[in-house]
Structure formats: C-alpha cells, structure tokens
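Student: Quick one: the structure is below, questions incoming.
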Amino acid sequence: MTSNLEISIDKLKSGMVIGKSIEDRLGRILIEPGTVVTPYAIDELKKSGVQYVTIKSGQANKSPNKLSTAAEYMVKELRKSDPPTVVLESSVRKRISKGIELIYQNPDPKETAAAATSITNDLMSAIEKNNAVALNINALKCSDEYTFKHSVDVASISMVLAKEQGKSKKEIFEVGMAGLLHDIGKTLVPPEILNKPAKLTSEEFEVMKKHSTYSYQLVAENDEIPMDVKIAMLQHHEKIDGSGYPYGATADHIHEYAKLLTVADIFDALVTERPYKKGKSPREAVEMLMAMTNELDMDALNSFMQMMILYPVDSNVQLSNGETARVVQRNPQFLLRPVVVGVESGNVYDLKSLKCAGIVIV
C-alpha cells in the first residue's frame, strides 16, 4: 500500500516521484503525479515559488520506481531524447511579463508596436538559441495572470508551429506578434463580463465575441504593425467550416497565420484554469482538438501534433494495464502514444502499434 510524504522543496532530489500534482497559485498543474523529478524540474519549481511538494513515500532517500535490470537495458537501447524545446530563462520571463503588461495597459500605438516587437524578438531568440522545434506547454509559464500567460503561450506555440511548417523567419516573427496581440481587444470588454466567475449568458457571449474585432480596431491605424498580423488578430476565432466569428469566414478566406493561432488559442484555453472552469489535462485537450477536424485547418493541426510534447522522455507514466512505465521515445503525430518500457517487467510498449491498441496512459 502506497502513501505520500510532503517535503520541503530544498529536500527534493532528482529521481524522486511526485505523489500529488503540483499546482501554481491559480490551480494550474505544473507537474503531474507519477512524474520522475529531474534537475530542470527542481529549478523550475523553485523559480515558481513552490515551497513544498508531495512525493511517494519511501522515496526521500532513494530513487523511486527503480528500473529492473531488464528495464534498464531496454531503456538504454531504445531511449531517444526529445527534440529541442523552447526554454525561457528567468530574466527573459520577467522582461516578457513586463512587456505584456505594458501592451495591455493600452499605451499609444508606438509603445504597443515597440513592446510587441521586443517580446517577439525575445521569443525568436529562445527558439533560435537551441534550434527549438518542439514545445512543452508546462515549461512556458511567465506570469500568473491569465491574459499575460495566454498571450505568450499562444505566441510561442504558434511560432513553433510556423517553424515546423518551414515558414521564413519573417513569417515566424509575424505569427508571434499576432499571438501576443490577438486578445488586446479584451481590454474593451466590460470587466463584469470578462471576469465573470460563471458561464456567460448568450447575450454576454455576444459581447465577448466582439473582442477579436476590437483587437483589430486597436491596431488598424498602426503602420508599425504588418497588415498580415492585423488580419490574423481579427480572424483568430474563425473556423474553416464557417462556424467561427466575427464573419463566419471559411477555409479559403482565413489567413494562414490565423489558422495557426486558432489551434494554439484553443489548446491553451482548454488547459488553463479560469475562475469559471477547471483546466483540462493536456491529454484531454489534445483529444478535444483531434475531434475538431471539421473546424480546424488540418495542416495546422498536424503541425501541432508534431511539435507538442505531452509525455517527456524520462518521465514515468501509469498504463491502463496497471504497469508503471518509463517514456523512452515520442511518436510524432501520436502525442498520446509514446514508446514506453515497464519499469519492473522491462516490457516494451509502442503505444501506437496495433498490438498495444488496448493500452493507454491513464
């Protein structure tokens, strides 16, 4: 019978197993239970101000879920590192957070353009620094304020999507700027609607839907912001089947940047905790996106599946067959089905294969 033990963050060691999800002060999950602690995770938790964590009992002085000899051999044989991901250093996060705050305080057009350009340059540098081609959504947090975090998340996701599609540096930059600015129109939505801690009425939702038009209007006369960026901001809620807003545009009439923003925007909104809803797990959010093939651009969706990391290599997961397994490889296009090795049995499960069709990560 297993139990958990709460310890100080200063006593957390690499190799321990998280026994209870670690959340930020808004209730967003930073690390899932069952995750094997890494030096990077410890550093990020300390930066986030986490004071105490819960680990699986008996793990304070030894490595948890120790690999059997057979498992250790298979892990060594099969392990393939995750591709480089976007990493925002602490100083960059602070600078970005201040820049986003400036943008949403409605400064004059030149300040908006200058701040957006500066932040996008920081994100470009983070992507180029280690040639990042993937993204771990839990590693992006730059602010506890939803609007700020959401803007940076959408920008970062969209930029890596654009890079995955082989777009030019200019296009990647413009996609990022559109992601940063896509929700500035919410500053014109009445606070009682924007911050309502319950589901909006149909009338209130109609008011909320105007934010994409407001976003466009706020930058329409700003010559320092490219027209492609402005159109993407306007269209980030349009759907290829015509079910979106503000104009019900269909696939051929939606800007390619907006198609990327839509996927990024929906995913990040789903996984983020709000006053009126609990955030979905990344797995649930991906499943919901996969069910929206009639609404979302398939190229954008496929790129998302290629670049997002849900189960990092070296993390432990629980399988539906009762085994604890170590992730050794990601399966591009199959986010929910990596290659794993049973930590005790040494059995290899390529979860995308037909023979493993009945096994899922729980």
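The values are calculated or read from the model by the stated rules, or taken from the named source; none is laboratory data. What you see is a predicted model; the values in this text were computed from it and never measured. Counting neighbours? That spans all protein chains shown, and the Cβs are built from the backbone with ideal geometry, glycine included. Note: areas computed on protein heavy atoms with side chains; ligands, DNA, RNA excluded. Shrake-Rupley method; radii C 1.70, N 1.55, O 1.52, S 1.80 Å.
Student: Which of the numbered conditions does residue 159 fail, given that it passes all the others? Conditions: (1) open to solvent by 10 Å² or more (accessible area, probe 1.4 Å); (2) at pLDDT 95 or above.
Tutor: So residue 159 meets the others, but not (1).
Student: Within the set of pairs 6+ apart or on separate chains, which have a first residue in the stretch 42-53 that is farther than 13 Å from residue 29 by Cβ and in contact (Cβ under 8 Å) with a residue 12 or more places away in the chain, a second that is in a loop (DSSP other than H, G, I, E, B) and hydroxyl-bearing (Ser, Thr, Tyr), and C-beta atoms under 9 Å apart?
Tutor: 42/14
Student: Given the conditions (1) under 29 Å from residue 168 (Cα atoms); (2) touching a residue at least 60 places away in the same chain (Cβ under 8 Å); (3) open to solvent by 30 Å² or more (accessible area, probe 1.4 Å), which single one is not true for residue 273?
Tutor: Residue 273 satisfies all of (1) under 29 Å from residue 168 (Cα atoms); (2) touching a residue at least 60 places away in the same chain (Cβ under 8 Å); (3) open to solvent by 30 Å² or more (accessible area, probe 1.4 Å) except (1).
Student: Also: When residue 90 is evaluated against the numbered criteria (1) under 21 Å from residue 229 (Cβ atoms); (2) in contact (Cβ under 8 Å) with a residue 40 or more places away in the chain; (3) surrounded by fewer than 17 Cβ atoms within 10 Å (Cβ to Cβ); (4) of a type outside the set (A, V, I, L, M), which criterion, by number, is the only one it fails?
Tutor: Checking residue 90 against (1) under 21 Å from residue 229 (Cβ atoms); (2) in contact (Cβ under 8 Å) with a residue 40 or more places away in the chain; (3) surrounded by fewer than 17 Cβ atoms within 10 Å (Cβ to Cβ); (4) of a type outside the set (A, V, I, L, M), the one that fails is (1).
Student: Sticking with this one: Does residue 206 satisfy being modelled with pLDDT of 95 or more, more than 23 Å from residue 114 (Cα to Cα) and either in contact with a Lys or Arg (Cβ under 9 Å, 6 or more places away or on another chain) or not in a loop (DSSP other than H, G, I, E, B) (or both)?
Tutor: On the way: modelled with pLDDT of 95 or more: yes; more than 23 Å from residue 114 (Cα to Cα): yes; either in contact with a Lys or Arg (Cβ under 9 Å, 6 or more places away or on another chain) or not in a loop (DSSP other than H, G, I, E, B) (or both): yes.
It is true that residue 206 is modelled with pLDDT of 95 or more, more than 23 Å from residue 114 (Cα to Cα) and either in contact with a Lys or Arg (Cβ under 9 Å, 6 or more places away or on another chain) or not in a loop (DSSP other than H, G, I, E, B) (or both).
Student: Residues 290, 298, 308: which one is hydrophobic (A, V, I, L, M, F, W, C) and touching a residue at least 40 places away in the same chain (Cβ under 8 Å)?
Tutor: One residue alone meets the criteria, 308.
Here's the yes/no breakdown for (1) of a type in the set (A, V, I, L, M); (2) closer than 23 Å to residue 296 by Cα:
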| site | (1), (2) |
| --- | --- |
| 152 | yes, yes |
| 169 | no, no |
| 176 | no, yes |
| 181 | yes, yes |
| 196 | no, no |
| 201 | no, no |
| 223 | no, no |
| 228 | no, yes |
| 234 | yes, yes |
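Student: Check residue 85 against each of (1) open to solvent by 30 Å² or more (accessible area, probe 1.4 Å); (2) of a type outside the set (A, V, I, L, M, F, W, C); (3) modelled with pLDDT under 80 and name the one condition it does not meet.
Tutor: Looking at each condition in turn, residue 85 falls short on (3).
Student: If we keep just the residues of the stretch 223-244 that are outside any loop (DSSP other than H, G, I, E, B) and open to solvent by 20 Å² or more (accessible area, probe 1.4 Å), which is nearest to residue 184 (Cα to Cα)?
Tutor: That would be 234.
Student: Of the conditions (1) under 30 Å from residue 298 (Cβ atoms); (2) at pLDDT below 95; (3) open to solvent by less than 40 Å² (accessible area, probe 1.4 Å), residue 104 satisfies every one except a single condition; which number is it?
Tutor: (1)
Student: Next question, about the same structure. All but one of (1) outside any loop (DSSP other than H, G, I, E, B); (2) at pLDDT below 85; (3) over 14 Å from the mean Cα position of the chain (by Cα) hold for residue 144, so report the exception by its number.
Tutor: (1)
Student: A follow-up question, please. From the list 258, 178, pick out the single residue that is closer than 22 Å to residue 101 by Cβ, assigned to a helix (DSSP H, G or I) and either open to solvent by 10 Å² or more (accessible area, probe 1.4 Å) or of a type outside the set (Asp, Glu) (or both). Quick ask: steps written out before the conclusion?
Tutor: On the way: 258 fails: closer than 22 Å to residue 101 by Cβ.
Answer to the check: 178.
Student: Looking at the stretch 318-332, can you tell me whether even one residue there is under 18 Å from residue 35 (Cα atoms), among the polar types (S, T, N, Q) and touching a helix residue (DSSP H, G or I) at 6+ places or on another chain (Cβ under 7 Å)?
Tutor: Among the residues of the stretch 318-332, at least one is under 18 Å from residue 35 (Cα atoms), among the polar types (S, T, N, Q) and touching a helix residue (DSSP H, G or I) at 6+ places or on another chain (Cβ under 7 Å), which makes the answer yes.
Student: Looking only at residues that are open to solvent by 10 Å² or more (accessible area, probe 1.4 Å) and in a strand (DSSP E or B) in the stretch 318-338, which one is farthest from residue 175 (Cα to Cα)?
Tutor: Looking only at the stretch 318-338, we keep the residues that are open to solvent by 10 Å² or more (accessible area, probe 1.4 Å), and these are 318, 320-324, 326, 329-337.
Of the ones still in play, those that are also in a strand (DSSP E or B) are 318, 324, 326, 329.
On the way: 318: 37, 324: 40, 326: 35, 329: 30 Å.
Restricting to residues being open to solvent by 10 Å² or more (accessible area, probe 1.4 Å) and in a strand (DSSP E or B), the top hit is 324.
Student: Search the stretch 185-220 for residues being within 19 Å of residue 236 (Cα to Cα), touching a Pro at 6+ places or on another chain (Cβ under 8 Å) and not β-branched (Val, Ile, Thr), and hand back the single one that is most open to solvent (accessible area, probe 1.4 Å). Step through it out loud before you land on a result.
Tutor: Within the stretch 185-220, the subset within 19 Å of residue 236 (Cα to Cα) is 185-189, 194, 205-220.
Checking which are touching a Pro at 6+ places or on another chain (Cβ under 8 Å) leaves us with 207, 209-210, 212-213, 219.
This time we only want the ones that are not β-branched (Val, Ile, Thr), so: 209-210, 212.
Details: 209: 48, 210: 99, 212: 0 Å².
Out of the qualifying residues, it is 210.
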